[in-house]
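Participant: Before I ask anything, let me first share the structure, which is written out below as structure tokens.
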Amino acid sequence: MNVVEEIRQAMAEVRASTLQLFTEIDDHDFRRQIHKDFSPIGWHLGHIGVTESYWILQQCKKESSLSSFYDSFFTPTDTPKANRANLPARAEILSYLSTVREKVFAFLAQASFAPDHALLNGANIFHMLIQHEEQHNETILLILQMLTAEQHDRAPVLPSSTRTSLRPFPLAREAGKLLRKEHEMVLVPAGAFFMGSNNTAETLDNERPQYEVKVTDFLIDRRPVTNRDFLHFIEAGGYHTPVWWTPEGWQWRERHEVEHPLYWRQPSKGEWLEVGLTQSERLQLESPVMCVSWYEADAYARFAGQRLPTEAEWEKAAVDGVLEESSRVWEWAATWFHPYPGFAAHPYAGYSVPYFDQQHRVLRGGSWATRPHIRRATFRNWYHPSVREIFAGLRCAKNPEL
Ligand code: AVJ
Ligand code: FE
């Protein structure tokens, strides 16, 4: 298959996935802002189209835009989150999307990926757009998850019909026997490795350029921290023991009265549910803990006598092939999001640069909601350390005993 056909297929695939995510959204939820830090779910649809139009039709093809209203409404820097609820009708946005897509495919069919063209070289702008839409797919899923949780909390559907067959999971005593000491950690030997990538076609700017990084010996969990592990932290009073928390983390915990991962619910003592994407279910003890902030992840690691891995450690371990289940939940790293030496913003500074601000922590790996192109060892995600609405968990590291 040639490059054009591969790109066409990848674009069609992610678009089908985007549209599929909207099939059960009613018009009310389409435009409603359910959380102040997230746009209405329908805004993402228009934003995907405007981004595609801007880079291909305006920047590459030099056409004028289809709608200056869409351009500004669906561009984050022009319209703050608080002003995004007054969306055009869904049918209109959908027709805008398909008009843009038709023109983009016409351009693609005859495009030449000239090496001297900053955007078309290696088809890099197309790869960027595919990954952009893939990232918005995950954000859309975060909002769907919020809607399900809201529904659950309004009218809890307890698993009452199944309660006779489902017994609550083991309580503290039993859970205590299955502590982290049973967790397998792998020793990654000290050494230099090449971090990041020089693939200018298929990676994003913040993964480049590749550079040599030396790490000292460290141990890292083979698998992410599980709900069982995290339950032990809760039952040991982890959320009420300031010593495990950074000062900012403790302040955050106190202010928001955080007592458990975001979507855990406790309908009665000793019985935990987790609200999932479509329904709540009994907490799955062996699944990776999910929807915890960096503050909670960091506190857990300290409680366990361990620490979060740096992103260099994470990437070395990933490249060495010792990480299992590395795309079930995003994994918080100890590292602040920052530019690699020699970083150059491309295609636009707004993608990464505003977040090189010592206010955003790196996440690595990918979650069950992350589409395939993004699941790679060098991909860098980032969020403010207080964010727990994302599908994020952790894996611990520690220094070898001397
Ligand atoms: C890298 C996931 C934090 O969603 O804010 C999408 C990705 N940037 N459109 C975000 C992104 C511009 C970004 N994250
Ligand atoms: Fe975007």
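Participant: Could you grab the pairs with beta carbons closer than 8 Å, sequence gap of 6+ or different chains, first residue in the range 375-392 and under 20 Å from residue 358 (Cα atoms), second one part of a strand (DSSP E or B) and within 16 Å of ligand 2 (Cβ to nearest atom)?
Facilitator: Filtered contacts from the range 375-392: 390/383; 392/383.
Participant: Would you confirm whether or not the range 60-71 contains a residue that is assigned to a loop (DSSP other than H, G, I, E, B), buried (at least 16 other Cβ atoms within 10 Å of the Cβ) and away from ligand 1 (no atom under 14 Å from the Cβ)?
Facilitator: Within the range 60-71, one or more residues are assigned to a loop (DSSP other than H, G, I, E, B), buried (at least 16 other Cβ atoms within 10 Å of the Cβ) and away from ligand 1 (no atom under 14 Å from the Cβ).
Participant: Just to check your reading of the model, which residue among 349, 318, 334, 344 is modelled with pLDDT of 95 or more, part of a helix (DSSP H, G or I) and not basic (Lys, Arg)?
Facilitator: From the options 349, 318, 334, 344, the qualifying one is 318.
Participant: Here's a check for you: in the range 121-138, which residue that is more than 16 Å from ligand 2 (Cβ to nearest atom) and surrounded by 18 or more Cβ atoms within 10 Å (Cβ to Cβ) is farthest from residue 379 (Cα to Cα)?
Facilitator: Looking at residues that are more than 16 Å from ligand 2 (Cβ to nearest atom) and surrounded by 18 or more Cβ atoms within 10 Å (Cβ to Cβ), I get 123.
Participant: May I ask you to verify whether residue 347 is surrounded by fewer than 18 Cβ atoms within 10 Å (Cβ to Cβ) and within 16 Å of ligand 2 (Cβ to nearest atom)?
Facilitator: Spelling it out, residue 347 is indeed surrounded by fewer than 18 Cβ atoms within 10 Å (Cβ to Cβ) and within 16 Å of ligand 2 (Cβ to nearest atom).
Participant: Cβ-Cβ under 6 Å, sequence separation 6+ or interchain: first residue in the range 124-143 and in contact (Cβ under 8 Å) with a residue 60 or more places away in the chain, partner hydroxyl-bearing (Ser, Thr, Tyr) and within 12 Å of ligand 1 (Cβ to nearest atom). Which pairs?
Facilitator: Close Cβ pairs (under 6 Å, with a partner that is hydroxyl-bearing (Ser, Thr, Tyr) and within 12 Å of ligand 1 (Cβ to nearest atom)) amount to 132/51; 138/370.
Participant: Restricting attention to the range 36-46, does a residue exist that is more than 24 Å from residue 374 (Cα to Cα) and more than 14 Å from ligand 1 (Cβ to nearest atom)?
Facilitator: yes
Participant: Same structure again: Return only the number of the condition from (1) aliphatic (A, V, I, L, M); (2) crowded, with 23+ Cβ neighbours inside 10 Å; (3) within 16 Å of ligand 2 (Cβ to nearest atom) that residue 308 does not satisfy.
Facilitator: Result: residue 308 fails condition (3) only.
Participant: Only one residue in 155, 123, 89, 109 is on the phi > 0 side of the Ramachandran plot and among the aliphatic types (A, V, I, L, M). Which one?
Facilitator: Sole residue among the options that is on the phi > 0 side of the Ramachandran plot and among the aliphatic types (A, V, I, L, M): 123.
The values are calculated or read from the model by the stated rules, or taken from the named source; none is laboratory data. Not measured: the values here are computed from a predicted model. So basically every Cβ, Gly included, is an ideal-geometry build from the backbone, and we count neighbours across all protein chains shown.
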